[in-house]
Amino acid sequence: MSLYWFNQIDFAYVPTTREVVAYVDIEDLDLVSERSWQASFKRGKLSAITGWKTCDTGRRTSARMHREILGLYDPRIHVDHKDRNPANNQRKNLRICSNSQNKCNQGLSTSNSTGRKGVFWNKMSCKFEVKLQKEGRQYSAGLFDDLDEAARAYDQKAIELFGEFALTNADLDTYSVTPDMSKFRPRQPSLCSRNTSGRRGVRWHKASRKWQSRIKHKEREYHIGYFDDLDEAARAYDKKAVELYGDSAKTNESMGLILPID
């Protein structure tokens with residue numbers, strides 16, 4: 001294998017497969033020259049530099065370049081690239097870490113829909129939720145109406161939990177990207193398929209021959225009353241819904257099923 005380096009900048013370039021060039025400290029050339037290095041990609045991104053060599057017994061062995069340099073072969077010990085570049089295997093760019101610390105120093109996942117790290121759209125509350133995980137424990141930093149406010153809350157909590165390993169939205173410059181906000185519109189409430197009255201929380205009560213209004217809250221069902229007028233029953237439901245659910249109440253008036261009273 002041919003190695004090319006520049007003494008004046010004190011590191012060496014190591015050619016690998018797929019036109020990828022890794023770089024190491026000059027003093028580590030002897031370590032890496034014993035293997036043939038290959039570049040691995042995952043979802044289109046460079047994920048690792050793996051080296052192969054044939055032992056005296058004829059068996060081929062493999063090792064990641066950063067582990068070879070640090071002499072770490074125990075899979076329980078994790079190593080983090082500070083700049084998140086697997087090709088940069090200078091010792092100053094490598095640090096021993098936990099699995100959680102290693103994951104914290106990662107960019108946006110492919111499943112991220114908000115464009116902000118650690119921020120998810122909570123369909124139930126119709127708000128942006130901030131979640132982090134450390135050593136198997138999940139942390140929540142709150143629910144927010146504003147996307148960037150949620151991202152800043154993530155940044156603050158990540159620094160609190162992970163310190164120097166925290167990769168924030170400010171580091172990734174995600175604030176400069178505006179996602180399609182139409183994906184995060186509140187879900188429009190609708191009537192269930194069995195509803196025959198056309199009003200939320202109202203059904204025809206055959207025995208009394210009146211409109212019955214009722215509502216369920218925290219596994220308890222409340223009987224509101226019987227009414228001759230359909231819209232009167234609907235307004236009684238709306239009043240009780242606001243009493244029980246506050247601002248999150250889904251009412252007949254907010255759904256446009258009845259007209260507001262002046």
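Of all the numbered requirements in (1) in contact with a helix residue (DSSP H, G or I) (Cβ under 7 Å, 6 or more places away or on another chain); (2) surrounded by 14 or more Cβ atoms within 10 Å (Cβ to Cβ); (3) not polar (S, T, N, Q), residue 48 misses one, and that requirement is (1).
Table: residues versus (1) over 30 Å from the mean Cα position of the chain (by Cα); (2) modelled with pLDDT of 90 or more; (3) not in a strand (DSSP E or B).
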residue	(1), (2), (3)
12	yes, no, no
31	yes, no, yes
47	no, yes, no
56	yes, no, yes
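Within the set 30, 56, 74, 80, the sole residue that is touching a helix residue (DSSP H, G or I) at 6+ places or on another chain (Cβ under 6 Å) and among the charged types (D, E, K, R) turns out to be 80. Can you give me the number of residues within the stretch 126-141 that are over 16 Å from residue 167 (Cβ atoms) and either in contact (Cβ under 8 Å) with a residue 60 or more places away in the chain or loosely packed, with under 14 Cβ neighbours inside 10 Å (or both)? Residues flagged as over 16 Å from residue 167 (Cβ atoms) and either in contact (Cβ under 8 Å) with a residue 60 or more places away in the chain or loosely packed, with under 14 Cβ neighbours inside 10 Å (or both) within the stretch 126-141 amount to 6. Among the residues in the stretch 160-170, are any touching a helix residue (DSSP H, G or I) at 6+ places or on another chain (Cβ under 8 Å), touching a residue at least 12 places away in the same chain (Cβ under 8 Å) and among the small types (Gly, Ala, Ser)? Yes, that holds for at least one residue.
Please give the strands (runs of 3 or more DSSP E) falling wholly within the stretch 125-227 in which 2 or more residues are of a type in the set (Lys, Arg). Step through it out loud before you land on a result.
Working: elements: 127-134, 137-144, 202-205, 210-217, 220-227.
Those strands (runs of 3 or more DSSP E) span 127-134, 210-217.
Across the stretch 224-262, what is the number of residues that are aliphatic (A, V, I, L, M), within 13 Å of residue 212 (Cα to Cα) and in contact (Cβ under 8 Å) with a residue 24 or more places away in the chain?
3
Tell me yes or no: at least one residue of the stretch 2-20 is among the acidic types (Asp, Glu) and touching an Asp or Glu at 6+ places or on another chain (Cβ under 8 Å). Within the stretch 2-20, one or more residues are among the acidic types (Asp, Glu) and touching an Asp or Glu at 6+ places or on another chain (Cβ under 8 Å).
Here residue 155 meets the list (1) within 27 Å of residue 15 (Cα to Cα); (2) surrounded by 15 or more Cβ atoms within 10 Å (Cβ to Cβ); (3) within 15 Å of the chain's Cα centre (by Cα) almost entirely, failing just condition (1).
Being loosely packed, with under 10 Cβ neighbours inside 10 Å, closer than 18 Å to residue 246 by Cβ and either touching a residue at least 40 places away in the same chain (Cβ under 8 Å) or of a type outside the set (Ser, Thr, Tyr) (or both), is that true of even one residue in the stretch 197-218? Yes, there is a match, as at least one residue in the stretch 197-218 is loosely packed, with under 10 Cβ neighbours inside 10 Å, closer than 18 Å to residue 246 by Cβ and either touching a residue at least 40 places away in the same chain (Cβ under 8 Å) or of a type outside the set (Ser, Thr, Tyr) (or both). The listed residues are 62, 100, 40, and the only one of them that is touching a strand residue (DSSP E or B) at 6+ places or on another chain (Cβ under 7 Å), in a strand (DSSP E or B), touching a residue at least 12 places away in the same chain (Cβ under 8 Å) and over 19 Å from residue 11 (Cα atoms) turns out to be 62.
The values are calculated or read from the model by the stated rules, or taken from the named source; none is laboratory data. Remember, it's a predicted structure, so these values are computed and weren't measured experimentally. FYI the Cβ positions are ideal-geometry reconstructions off the backbone, even for glycines, and counts take in every protein chain you see.
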